[in-house]
1. Can you tell me the dipole magnitude for region B:169-324 around its Cα centre, using point charges on the Cβ only (Lys, Arg +1; Asp, Glu -1), in Debye to the nearest 20?
2. For chain B, what is the relative contact order in percent, using Cα pairs closer than 8 Å and at least 6 residues apart in sequence?
3. Work from the charge dipole of chain B (Cβ charges, +1 for Lys and Arg, -1 for Asp and Glu, about the Cα centre) and give the residue of B:ALA27, B:ILE175, B:ILE134 farthest towards its positive end.
4. Starting from the eigenvalues of the Cα gyration tensor, five times each then square-rooted, give me the equivalent ellipsoid semi-axes of chain B, largest first, whole Å.
5. Tabulate in residue order the Karplus-calculated ³J(HN,Hα) for region B:66-74, using 6.51 cos²θ - 1.76 cosθ + 1.60 with θ = phi - 60°, rounded to whole Hz; enter x for Gly and Pro.
6. Please report the net charge: other residues with Cβ closer than 14 Å to the Cβ of A:ARG44, K and R +1, D and E -1.
7. For region B:158-209, take N as its residue count and report Rg(C-alpha) divided by 2.2 N^0.38 Å.
8. Three principal axis extents, largest first, for the C-alpha atoms of region B:80-174, in Å?
Amino acid sequence: MTTAAQTQLPGFHLAATPAAPALTDAEGTVDTAPDLTPGSALRRRRDRTATIVMWSSFALAMVPLAWILLTVTRNGIQLLTASSW
Amino acid sequence: MSEAAAVAPAPALTTTPRGHAADRAFAWSARGAGLLVMALVTLIGLFLLWQAVPSLQANEASFLTSREWDLNATTPRFGVADLLWTTVTASVWAMMLAVPLGVCVALFITQYAPDWLRTPAAALVDLLAAVPSIVYGLWGLIVLRPVVAPVETWIAHTFGWFPLFAPTPITGGTIFFIGVVLAVMILPIVTAISREVFAATPAPHREAALALGATRWEMIRTAVLPYGRPGVVSAAMLALGRALGETIAVTFIVSTLAPGSAFTASLFNGGETFASRIANNAAEFDSPRKTGAFIAAGLVLFVLTFVVNAIARVVVDRRKAFTE
């Protein structure tokens, strides 16, 4: 497969795509490293808040289940074990 | 196409008479099952209507707007305004509690929980649906009530100027409390259905959001929630349908008001739902006219649930066009 053939493919304009402009900082030095710094403080805080909300909502959903199981077992077990039948 | 004669005919493409008959039988049985369901629903509606009409004709009060319920007089007077109010407020309040919580739990299970926790967490939430409603009634009345009562007192004390939170002398099962218990009961429904749709979010949608630098929450907001919205709507409506018709837990808990007591819009008032009024008065079904009054109340509940489900259907179908 030649490069020429590739550029002829509809929808693939590899040759026509201009090279991405080099990223330069204030001093004019080329910055080639990708920017992998985490998002802004606000975005990170929102993300962390959401995580906390999700975990605590699951914990909250478990409260009635545990409570019911505990109540039923605690009140029922002695009747089941102590009965004379 | 001279070669075609030499090639053996593909057997899979021809339908034998027997295969044809099986196809037709299946088509008819599927059609029959569908029609049977529709016929059953229609017949239930017709039965309710047929039983209710004589009582409604004898009724001297306005059925939909009256608050009276007197079936023993020579001219019965009954209306469902109170029942409608209690049923709808308690169910909507339950939905307001359970839907956000259920969606969060579903998001937790599908997006946040570590792999080892995912399946047990889902099973535990489903277990809430396995608790019999009579157990919810007992637990609510005996165990949960003393815990919620101080909260109610505090809200009524602090926000009592707002009509919904006006203080009332009711100390037992209030509409507010019914909503809390119903919320626990419908939580597994909301969670189970939302979980299904969130889990079905196409991986490329989520990966694209993450690849563009979205945080996990941003990925959920831009990919998972829009995709799951119709499912969440139908989950909420199914849950509402369950809450509207819930009988035994409500009958257990709710404080029945004395006949003729004044109407207040407070959530801290008692009251009866359609289902609990019917269940509480099962001993009164001794004459067709009295029975008919309760059946008329049941008919309103039937129509209410039907309308809620129909709205859900419409919302889900309309939203689908935008998400797919």
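1. Working: 13 positive and 9 negative charges, 67 e Å.
Result for region B:169-324 is approximately 320 debye, rounded to the nearest 20.
2. On the way: 386 pairs, mean separation 81.7, N = 324.
This gives 25 percent for chain B.
3. After comparing all options, I get B:ALA27.
4. On the way: eigenvalues 406, 210, 53 Å².
For chain B, the semi-axes come out at 45, 32, 16 Å.
5. Residue by residue, region B:66-74 yields 7, 9, 6, 8, 10, 9, 8, 5, 5 Hz.
6. Working: positive: A:ARG43, A:ARG45, A:ARG46, A:ARG48, B:ARG216; negative: A:ASP47, B:GLU218.
Net of charged neighbours comes to +3.
7. On the way: Rg = 19.5 Å, N = 52, 2.2 N^0.38 = 9.9 Å.
After normalising by residue count via 2.2 N^0.38 Å, the value is 1.98.
8. 49, 29, 29
No lab work stands behind these numbers, since they all come straight from the coordinates. Everything numeric here is computed off the predicted structure, so don't read it as measured data. Neighbour counts run over all protein chains shown; Cβ positions are idealised from the backbone, glycine included.
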